[in-house]
Amino acid sequence: MRTSSFFSKASGFLRSHASSSKLLVLLSLSSAGSFVAYSDSQAETSTPNLDLAQKDPKKKRIVVLGTGWAGTSFLKDLDISSCDVQVVSPRNYFAFTPLLPSVTCGTVEARSIVEPVRNIVKKRNGEIRFWEAECLKIDAANNRVMCRSNIENLVGNREFSLEYDYLVVAVGAQVNTFNTPGVKENCYFLKEVEDAQKIRAGVIDCFEKAVLPGLSEEERRTNLHFVIVGGGPTGVEFAAELHDFFQEDLVKLYPMVKDLVKITMVQSGDHILNMFDERISSFAERKFQRDGIEVLTGCRVLDVSEKAITMKNKAKGETSSVPHGLVVWSTGVGPRPLVRDFMEQIGQRKQRILATDEWLREDISAIFKAADKDNSGTLTVKEFQDVIEDIVIRYPQVDLYLKSKHLMDVTDLLRDPEGRERDEVDIEGFKLALSHVDSQMKSLPATAQVAAQQGAYLSHCFNRMEQCAENPEGPRRFRSTGRHAFRPFQYKHFGQFAPLGGEQAAAELPGDWVSMGHSTQWLWYSVYARKETRRRRKKKKRRLAMSKFTFYERISRAFRDNPQLSRVLIVSTISGGGLVAFSSASPFPVAHADSPAHGSPKKKVVVLGTGWAATSFLKNLKSSSYEVEVVSPRNYFAFTPLLPSVTNGTVDARSIVEPIRNIVNKRGPRCEFREAECYKIDAAKKKVYCKSTQVSNLGGKEEFSIDYDYLIIAVGARSNTFNTPGVEENCHFLKEVEDAQRIRRNVIDCFERASLPSVSDDEKRRILHFVVVGGGPTGVEFAAELHDFAIEDLAELYPSVKDLVKITLLEAGDHILNMFDKRITAFAEEKFQRDNIHVKTGSMVVKVSEKDISTKERSTGQTVSLPYGMVVWSTGIGTRPFVMEFMKQMGQTNRRVLATDEWLRVEGSDSIYAVGDCATINQRKVMEDIAVIFDKADKSKSGKLNITDAKEVVTDICERYPQVELYLKKKKMKNIVDLLKNAQGDGRKHLDIEVFKSALGEVDSQMKNLPATAQVAAQQGQYLADCFNRMEECEKNPEGPLRFRGSGRHRFHPFRYKHFGQFAPLGGEQAAAQLPGDWVSIGRSTQWLWYSVYASKQVSWRTRFLVVTDWGKRFIFGRDSSGI
């Protein structure tokens, strides 16, 4: 890299702008690497421009731009006792970027490699302030940086400026596309955590697209062709991770396309890993060849279109175009616009990046003059020896040159061309002796190792600034008098790694040592775990290492071999406390059935949705007489009761989801999954019409249809806004995992916005006012979680605004949790009052604007407007559009939700079932059938019914009409016979139709719709699977109640919901529970019961382990507040 013009151009600028002489630049060239530029002009003056502090008693203002490796290392080691430090970055976290390739394929969770910057700065007692904003411009002349907040919905001035005495620029670099057409539009990059998450989603999307019906094999191959541009460490590690991801995981989930996957690496140089030792490069290429990863060297990318990548082979001069499904661009970095603008200020407009080094040949005359003390025009060996140490320190390329020439001493450079020693040398001879030294100059690699060392070095300089101003410790100034205040930065190379997949890695270690193989991979685990920002990173990396050895497969085998173990789950904490939960190996009770007779035709069952009802059905369907096809826009099952915990970082989103293919693949080839959305049901033709949910679908058609024999609608519901103006535009909902993630990011954004220096106090109060609409279990739990998050975690990270936080819970009814026991309701309201969570009952929301929410108070009839920062709408559910269209087909236009009978069949169809939140059971009323019930019981047809006759149909009545049993419980009667006797009176032996009607006349008052809960949906899915498992058997031997309006019996018993209780976490490690038998439990012990039950009800051992681990991490380290 040519840098010769830097100081010659910069010195004039710095002399003309004296205030700029205090500018320090720590410029990251990537998310990992950086260079240091010292604005030391080397002018012929004794006044230092940069490295001497001004003797001012007040604290110096230091502004740090960036929170990458260099910026974070600087902050961690800086002694701030004499500094006022402000940090500016568009991201409020530090990311361990070397593990980004592991994030792309799910080996490591994104939040496991980030640390909130405020967790670092909070240890400095508030003397380091952080602003989540982007620096727009550096005004070096006026010691000022102009910044702008990129947080959405920020009211007020987004831009502000900060003044500084010293500025540290560590903003990293942006991807360099080399102006290649189509790269920005059609390629993925791998620079930030968000990039890694996008790549992971993109990889999964490619596989989901490839298994959609209607695609040719060539189109599937195109979708599954992954191209990586760049053969450096990042590109190589990503290719290796992607190969392992496919071979170890995706091949099991997508077996039908396992032979179509192709990975291609494109490298413009002659070898991949060309910055490593040749032995490593050769080993990597051979391993990739064995793994089937195609490596194309000597190829330069010319164009990237949506469907193909065009390359030119340098050796052959040929141009070729290759179709692709996904392209990752992992080559080249360039300066950000901010740095480019600054480079123009200091005269580096023509430079590619900000120059940082001086060349020895530019100072050769000054060095000679400084060494020639007698001004004789010649330099003796003794005079040269006096400046040798300063030369070696000031110009590290001298030492590198000596090593390359195997010279023992610098004086050996003064020998004559024949190798003889000389006593003295003139200026021309001196120049000749050192003329080749600069050939050893090399730019520092753009790695995290360099950046971290630079940050630590710079903080050391700041810590010793006053001391070194009085007693300089650096080399002498060859262009002026005196010495430099500090020794120049010297990079120490501790080695570098290249993970190659298959539990193998290569390492280049100091001393020209090279290590390759499995042992090197374990060395990589050890080093990267140690390099994490905090000790908790070490535990996560150990967990990463163990996962490589199929941990879950071993555990699963142990539980299969020892079934009794599958019913025990232990939840323990670091403090030594523990709780044992007795649980089935599956959160959904398993129904077993006899296999059907061989040779019978298989019916096709189409399941719409992957929620609680659908997943319960799939896990419990054991009969082999069905071909099952699952259609859903989401390829996972989510444990939705823990969504409030996701909103505040208590539990990670991926800890509560299980890929649906892990479930359906256990059923073998008879079950397939399509990631698509159903948009129409044609009941007459028995077809469902679907469309792909992918952003773009390479080849084939985005829409397709599926025939069915039985259709199960389990698509859940959407949030119901009740047509309230502004709700959809300005409110957050809490129905899906994505909703919880958005809420979490928005909560952090609110605190970051309120911390900006340009925001007034009134505006801060508004921003930190969180409004929750809906006093049901979800709204109450979210309010409690948010309160704990603010008090236990955010108060420490945002101390300046902790007293401005306000949480308001709006409920249209008289009480919150009105579906719970009154004792629980009262306790919850009292606890929220103690926690300063404002509960407003009898408040109906009438409008939500961008800044205010308007409510109508039922007690006064007045409309009140409340300013807010964020609103979460958690009240009411509505029917999805395509279900509403289907309801019109079935003649259910006037209904709110899809109606089914007691066997979960959609009314009007014998082959369509609906379960979960999208449907409700239309329970028949006793009084509608009272005449036929009487007639069925009156076998003598006398018009009279005695008690004996009634007893014969009692069981069928209670089973067919569950409201009868509820009524009996309310009246405290043992059975229906007591009810009939009570209506009969003492003097009558027979019941006529009128007395019979009188006896059962009030029974229907106990009819209630089932709640829209996970518990109901899971039981419905299990019940329906049991019906399908026993369908052939029950066709021959019906087991249901009597058909009062027909002959015979129903095939199955009707669905009966069994209530096992419900929880309401209230924060502060307290919860309330309403258990069967009218039991109520409140307090801390109930919270531990909640932990036990929710852990045991997870869908797999993987999610159980992750959720319990997340709870443990929260107890130890607190909740994560990084903005990802």
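Apart from one condition, His243 fits all of (1) assigned to a loop (DSSP other than H, G, I, E, B); (2) closer than 29 Å to Gly332 by Cβ; the exception is (1).
Counting only helices (runs of 4 or more DSSP H) that fall entirely inside segment 736-802 and contain at least 3 residues that are closer than 16 Å to Gly1067 by Cα, the qualifying elements are 777-789. Residues in segment 164-199 that are among the hydrophobic types (A, V, I, L, M, F, W, C), open to solvent by less than 40 Å² (accessible area, probe 1.4 Å) and closer than 22 Å to Arg91 by Cβ: Leu167, Val168, Val169, Ala170, Val171, Ala173, Val175, Cys187, Leu190, Val193, Ala196, Ile199.
It is to be established whether one or more residues within segment 290-310 are in a strand (DSSP E or B), over 21 Å from Phe178 (Cβ atoms) and of a type in the set (D, E, K, R). For segment 290-310, residues in a strand (DSSP E or B), over 21 Å from Phe178 (Cβ atoms) and of a type in the set (D, E, K, R): present. Looking across segment 789-798 at every residue that is at pLDDT 90 or above and acidic (Asp, Glu), the one that is nearest to Ile120 (Cα to Cα) is identified as Asp793.
Taking the conditions (1) buried (at least 20 other Cβ atoms within 10 Å of the Cβ); (2) among the hydrophobic types (A, V, I, L, M, F, W, C); (3) over 26 Å from the mean Cα position of the chain (by Cα) in turn, Val1107 satisfies each one other than (3).
Matching residues to (1) open to solvent by 60 Å² or more (accessible area, probe 1.4 Å); (2) in contact with a Gly (Cβ under 6 Å, 6 or more places away or on another chain); (3) among the polar types (S, T, N, Q):
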{"residue": "Phe820", "(1), (2), (3)": "no, no, no"}
{"residue": "Asp835", "(1), (2), (3)": "no, no, no"}
{"residue": "Thr841", "(1), (2), (3)": "no, no, yes"}
{"residue": "Ser849", "(1), (2), (3)": "no, yes, yes"}
{"residue": "Asp852", "(1), (2), (3)": "no, no, no"}
{"residue": "Thr855", "(1), (2), (3)": "no, no, yes"}
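Scan the helices (runs of 4 or more DSSP H) fully inside segment 425-523 and keep the ones with 3 or more residues being open to solvent by 50 Å² or more (accessible area, probe 1.4 Å) and among the small types (Gly, Ala, Ser). Full working, then the answer.
Numbers: elements: 427-433, 448-463, 465-470.
Per the criteria, no element qualifies.
Filter segment 711-728 for residues that are free of Cβ contacts under 8 Å to residues at least 60 places away in the same chain and part of a helix (DSSP H, G or I) and give the result. Passing the criteria: only Glu728. For segment 375-398, residues that are under 24 Å from Arg420 (Cβ atoms) and without any contact (Cβ under 8 Å) to a residue 12 or more places away in the chain total 2. Hey, does segment 409-432 have a residue that's touching a residue at least 12 places away in the same chain (Cβ under 8 Å) and under 30 Å from Asp165 (Cβ atoms)? The answer is no; no qualifying residue exists.
Pull out all pairs, ordered by first then second residue, where Cβ-Cβ is under 9 Å, the residues are six or more apart or on different chains, the first lies in segment 873-892 and is outside the structural domain of Val688 (by the TED database) and under 18 Å from Lys687 (Cα atoms), and the second is of a type in the set (D, E, K, R) and modelled with pLDDT under 90. From residues that are outside the structural domain of Val688 (by the TED database) and under 18 Å from Lys687 (Cα atoms), the pairs are Met887/Arg895.
For Gln385, indicate whether it is over 30 Å from Leu509 (Cβ atoms) and either aromatic (Phe, Trp, Tyr) or in a helix (DSSP H, G or I) (or both). Here the answer is yes, as Gln385 does meet what is asked.
Within segment 822-845, residues that are without any contact (Cβ under 8 Å) to a residue 24 or more places away in the chain and within 22 Å of Thr860 (Cα to Cα) sit with their Cβ atoms under 9 Å from residues that are open to solvent by less than 50 Å² (accessible area, probe 1.4 Å) and not in a strand (DSSP E or B), at 6+ positions apart or across chains, in these pairs: Glu829/Ile816; Glu829/Leu817. Checked against the criteria, Asp803 does not count as in contact (Cβ under 8 Å) with a residue 24 or more places away in the chain and either in the same structural domain as Tyr868 (by the TED database) or in contact with a helix residue (DSSP H, G or I) (Cβ under 7 Å, 6 or more places away or on another chain) (or both). Whether a residue is of a type in the set (Val, Ile, Thr), out of contact with any Ser or Thr (no Cβ under 7 Å at 6 or more places or on another chain), under 18 Å from Val229 (Cα atoms) and open to solvent by 40 Å² or more (accessible area, probe 1.4 Å) was assessed, and Thr297 passes this test.
The number of residues in segment 937-956 being open to solvent by less than 20 Å² (accessible area, probe 1.4 Å) and either touching a residue at least 40 places away in the same chain (Cβ under 8 Å) or polar (S, T, N, Q) (or both) comes to 4.
Could you go through segment 700-718 and let me know if any residue there is open to solvent by 10 Å² or more (accessible area, probe 1.4 Å), in contact with a strand residue (DSSP E or B) (Cβ under 7 Å, 6 or more places away or on another chain), under 30 Å from Val845 (Cα atoms) and of a type in the set (S, T, N, Q). Within segment 700-718 (the criterion being open to solvent by 10 Å² or more (accessible area, probe 1.4 Å), in contact with a strand residue (DSSP E or B) (Cβ under 7 Å, 6 or more places away or on another chain), under 30 Å from Val845 (Cα atoms) and of a type in the set (S, T, N, Q)), the answer is no, since none of the residues qualifies. Screening segment 987-1046 for helices (runs of 4 or more DSSP H) wholly inside it with 1 or more residues that are of a type in the set (Val, Ile, Thr), touching a His at 6+ places or on another chain (Cβ under 6 Å) and closer than 17 Å to Lys925 by Cα returns no ranges. Return a yes/no flag: does segment 1068-1084 have any residue that is modelled with pLDDT of 90 or more, more than 12 Å from Ile824 (Cβ to Cβ) and open to solvent by 60 Å² or more (accessible area, probe 1.4 Å). Yes, that holds for at least one residue. Screening Val801 with (1) closer than 26 Å to Phe722 by Cβ; (2) surrounded by 20 or more Cβ atoms within 10 Å (Cβ to Cβ); (3) aliphatic (A, V, I, L, M); (4) at pLDDT below 95 gives one miss only, at (1).
Can you name every residue in segment 827-849 that is assigned to a helix (DSSP H, G or I) and closer than 29 Å to Thr724 by Cβ? Full working, then the answer.
At the first step, the residues of segment 827-849 found to be assigned to a helix (DSSP H, G or I) are 827-834.
Ala828, Glu829, Lys831, Phe832, Gln833, listed by residue number.
Pick from Gly235, Gly317: which is open to solvent by less than 10 Å² (accessible area, probe 1.4 Å), of a type outside the set (S, T, N, Q) and either at pLDDT below 95 or outside any strand (DSSP E or B) (or both)? Only one candidate qualifies: Gly235. Residues that are in a helix (DSSP H, G or I), exposed (fewer than 14 other Cβ atoms within 10 Å of the Cβ) and either aromatic (Phe, Trp, Tyr) or touching a strand residue (DSSP E or B) at 6+ places or on another chain (Cβ under 7 Å) (or both) within segment 269-285 comprise just one, Arg279.
List every residue pair whose Cβ atoms lie under 7 Å apart, where the two residues are 6 or more positions apart in sequence or sit on different chains, the first residue falls within segment 194-215 and is outside the structural domain of Glu702 (by the TED database) and closer than 20 Å to Asp244 by Cα, and the second residue, located anywhere, is crowded, with 18+ Cβ neighbours inside 10 Å and among the charged types (D, E, K, R). Correct list of pairs: Glu208/Glu675; Ala210/Arg220. Return a yes/no flag: does segment 391-399 have any residue that is over 14 Å from Arg476 (Cβ atoms) and open to solvent by 30 Å² or more (accessible area, probe 1.4 Å). Scanning segment 391-399 turns up at least one residue that is over 14 Å from Arg476 (Cβ atoms) and open to solvent by 30 Å² or more (accessible area, probe 1.4 Å).
The values are calculated or read from the model by the stated rules, or taken from the named source; none is laboratory data. Predicted model, so just to flag it, every value in this text is computed and none were measured. Quick reminder, even Gly has a Cβ in these numbers, built from the backbone with ideal geometry, and neighbours come from all protein chains shown. For the accessible areas, the whole protein counts, side chains as well, though only heavy atoms, and no ligand, DNA or RNA atoms are used. Shrake-Rupley method; radii C 1.70, N 1.55, O 1.52, S 1.80 Å.
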